[in-house]
Amino acid sequence: MSHQVEIRIASNAVNASKNVASDFATALQANPKIVLGLATGGTPVGVYQHLVALCQAQKLSFRQCTTYNLDEYVGLGPDHHQSYRHFMQVNLFDHIDIPTNQTFVPDGVVNPIEDSCADYESSIKASGGIDLQLLGIGENGHIAFNEPGSDPKGRTSVVGLTDSTIAANARFFDSIDDVPREAVTMGIGTILESRRVVLMATGGNKAEAVARALEGLPDIDSPASFLTTRENVIFVLDKDAAAKLSDATIQSAKEID
Ligand code: PGA
């Protein structure tokens, strides 16, 4: 197993979300101009709810920070109800005090889209780089939309989605046929340059992917496993997502509630 990744295990998803939110709040309070990397999907929704509550109680301000999201579906504009820009507006940005021009989500409809990928990388660099990146993990071990087999040094680019990712994300769409087949995503190389990474996973459907990421050597078939090649990575799990970790790994983990 990795000796570098800090593993925290909560008894349930609510407590895992509170723990991640508290890390983000502490980092933002320490550095109001922090550059945050943000994620979409079911997993971070609870984290954003806690952050919104703190901001609305005036215990936290996002006014000076900058955010970069991991990915966006190709073909879905910002107003599409399943675009990740829309997700971020309704789950976080519309309820906090961050100016919209400090929030960045890859553009899924711009033409030519390849140029916008290079621009996204340049923008991240110009901001000083991502200080704290939130990640989920796919059932197949993907991080952002970097599917198994992705280049561990990859940069922001247009990628195809696997059938398993399309099937997993179909729950958010009226029909599986409506799920886009391509996305713009930060590459694994982009993600690995963040100064600190918090990967959150909840539910038994993530247990296999989490165990594969943390036990054994980095493996191109498990994109998340490349997180073990660096320092400053934290996995925050609930008990179900931790269920397939070895006893030795569990013993090295911190219980957080
Ligand atoms: P989820 O997605 O949070 O909706 O499970 C995570 C991911 O695919 O990275």
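The values are calculated or read from the model by the stated rules, or taken from the named source; none is laboratory data. Because the structure is predicted, anything quoted here is derived from the model rather than measured. Cβ coordinates were reconstructed from backbone atoms using ideal geometry, including for glycine residues, and neighbour counts include every protein chain displayed.
Going by what's in this entry, would GLY141 be described as in contact (Cβ under 8 Å) with a residue 12 or more places away in the chain, of a type in the set (Gly, Ala, Ser) and assigned to a loop (DSSP other than H, G, I, E, B)?
yes
Return the residues of the stretch 79-112 that are touching a residue at least 24 places away in the same chain (Cβ under 8 Å) and either assigned to a strand (DSSP E or B) or touching a His at 6+ places or on another chain (Cβ under 7 Å) (or both); say none if nothing qualifies.
The answer is THR103, PHE104.
Just a yes or no: is a residue in the stretch 78-91 in contact with a Ser or Thr (Cβ under 8 Å, 6 or more places away or on another chain), small (Gly, Ala, Ser) and buried (at least 19 other Cβ atoms within 10 Å of the Cβ)?
no
Kindly establish whether LEU76 is assigned to a loop (DSSP other than H, G, I, E, B), in contact with a helix residue (DSSP H, G or I) (Cβ under 9 Å, 6 or more places away or on another chain) and within 21 Å of SER157 (Cα to Cα).
Judged against the criteria, LEU76 is a match.
Is there a residue being surrounded by fewer than 19 Cβ atoms within 10 Å (Cβ to Cβ), of a type outside the set (Ser, Thr, Tyr), over 16 Å from the mean Cα position of the chain (by Cα) and farther than 23 Å from HIS50 by Cβ anywhere in the stretch 129-147?
no
Whether any residue in the stretch 162-176 is within 16 Å of the ligand (Cβ to nearest atom) and in contact with a Cys (Cβ under 8 Å, 6 or more places away or on another chain) is what I want to check.
No, the conditions are met nowhere in the stretch 162-176.
Return only the number of the condition from (1) buried (at least 17 other Cβ atoms within 10 Å of the Cβ); (2) over 19 Å from GLY108 (Cβ atoms) that ARG171 does not satisfy.
Here ARG171 clears every test but (1).
Read through the list (1) at pLDDT 95 or above; (2) within 17 Å of ILE220 (Cβ to Cβ); (3) within 17 Å of the chain's Cα centre (by Cα), then give the number of the only condition that LYS153 fails.
(3)
(1) in contact with a Lys or Arg (Cβ under 9 Å, 6 or more places away or on another chain); (2) more than 13 Å from the ligand (Cβ to nearest atom): which one isn't true of ALA207, the others all being true?
(2)
Determine if the stretch 4-18 includes at least one residue that is in a loop (DSSP other than H, G, I, E, B) and either crowded, with 18+ Cβ neighbours inside 10 Å or out of contact with any strand residue (DSSP E or B) (no Cβ under 9 Å at 6 or more places or on another chain) (or both).
Yes.
Out of everything in the stretch 115-128 that is among the acidic types (Asp, Glu) and over 13 Å from GLU193 (Cα atoms), what residue ends up being farthest from the chain's Cα centre (by Cα)?
In this case the residue turns out to be ASP115.
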